[in-house]
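Visitor: Quick one: the structure is below, and I'll ask about it shortly.
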Amino acid sequence: MGTAPEYPLDAEELKRRLGKMRESFRSRAPEKVAAIQLLWERVKAAGPQDEVREELVHAAHTLCGNAGTLGCEDLAMAARQLQSALRTLFTLRSSLSDGDQAAIGRLVEALGKSLD
């Protein structure tokens, strides 16, 4: 069994650990974006009271927070914009118009492009 690290961590050890977390997050980010894209497809096919709407908002919220914390600012901004638009539309409308769906579709697409 390994020994527990000494606390508080020195600056170099903290940087190393944060770097590993950032690398791990970045390697999994495409999967997170793909999951959001699939949730969006489910939302479009679901009724206005379907729980998938909240799942989508929660996924965008989580991605926004994690990306921002780990220094992936473009991804965090794209996720924040998506989350904000979803919350606004889901609060104001029970059903989404074609224009609403197109606008959210563009934000979901921008989320994927923010990985580049």
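Visitor: Could you tell me whether the stretch 62-71 includes any residue that is out of contact with any helix residue (DSSP H, G or I) (no Cβ under 9 Å at 6 or more places or on another chain), at pLDDT 95 or above and not small (Gly, Ala, Ser)?
Guide: Checking the stretch 62-71: not a single residue is out of contact with any helix residue (DSSP H, G or I) (no Cβ under 9 Å at 6 or more places or on another chain), at pLDDT 95 or above and not small (Gly, Ala, Ser).
Visitor: So which of Leu75, Leu63 is out of contact with any Ser or Thr (no Cβ under 6 Å at 6 or more places or on another chain) and under 16 Å from Ser114 (Cα atoms)?
Guide: On inspection, the qualifying residue turns out to be Leu63.
Visitor: Of Leu18, Leu75, Leu111, which residue is in contact (Cβ under 8 Å) with a residue 24 or more places away in the chain, surrounded by 11 or more Cβ atoms within 10 Å (Cβ to Cβ) and over 15 Å from the mean Cα position of the chain (by Cα)?
Guide: Every option except Leu18 fails the conditions.
Visitor: For the stretch 24-45, name all the residues that are more than 15 Å from Ile104 (Cα to Cα) and surrounded by 15 or more Cβ atoms within 10 Å (Cβ to Cβ).
Guide: Phe25, Arg26, Ala29, Lys32
Visitor: Looking at Val43, is it touching a residue at least 12 places away in the same chain (Cβ under 8 Å) and over 14 Å from the mean Cα position of the chain (by Cα)?
Guide: yes
Visitor: Please pick out the residue among Leu56, Leu39, Leu86, Leu82 that is modelled with pLDDT of 95 or more, in contact with an Asp or Glu (Cβ under 7 Å, 6 or more places away or on another chain) and under 20 Å from Leu115 (Cβ atoms).
Guide: Exactly one of Leu56, Leu39, Leu86, Leu82 is modelled with pLDDT of 95 or more, in contact with an Asp or Glu (Cβ under 7 Å, 6 or more places away or on another chain) and under 20 Å from Leu115 (Cβ atoms), namely Leu39.
Visitor: A follow-up question, please. For the stretch 6-44, which residues satisfy the criterion of being of a type in the set (A, V, I, L, M) and more than 16 Å from Leu89 (Cβ to Cβ)?
Guide: Those that are of a type in the set (A, V, I, L, M) and more than 16 Å from Leu89 (Cβ to Cβ): Leu9, Ala11, Leu14, Leu18, Met21, Ala29, Val33, Ala34, Ala35, Leu38.
Visitor: Another question, then. Here are Glu23, Glu31, Glu55, Glu12: which of them is in a helix (DSSP H, G or I), free of Cβ contacts under 8 Å to residues at least 12 places away in the same chain and closer than 24 Å to Ala102 by Cα?
Guide: Answer to the selection: Glu31.
Visitor: One residue is enough: does the stretch 85-96 have a residue meeting the conditions touching a His at 6+ places or on another chain (Cβ under 8 Å) and either among the hydroxyl-bearing types (Ser, Thr, Tyr) or on the phi < 0 side of the Ramachandran plot (or both)? Give the steps one after another, and end with the answer.
Guide: Taking the stretch 85-96 as the starting set, the residues that turn out to be touching a His at 6+ places or on another chain (Cβ under 8 Å) are none.
No: zero hits.
Visitor: Between residues in the stretch 82-97 that are among the basic types (Lys, Arg) and residues that are outside any helix (DSSP H, G or I) and surrounded by fewer than 11 Cβ atoms within 10 Å (Cβ to Cβ), which pairs lie under 8 Å by C-beta distance while being six or more apart or on different chains?
Guide: From the stretch 82-97, no pairs qualify.
The values are calculated or read from the model by the stated rules, or taken from the named source; none is laboratory data. Here the structure is a predicted model, which is why all the values come from computation and not from measurement. In this analysis, Cβ positions are derived from the backbone assuming ideal geometry, glycine residues included, and neighbour counts consider all displayed protein chains.
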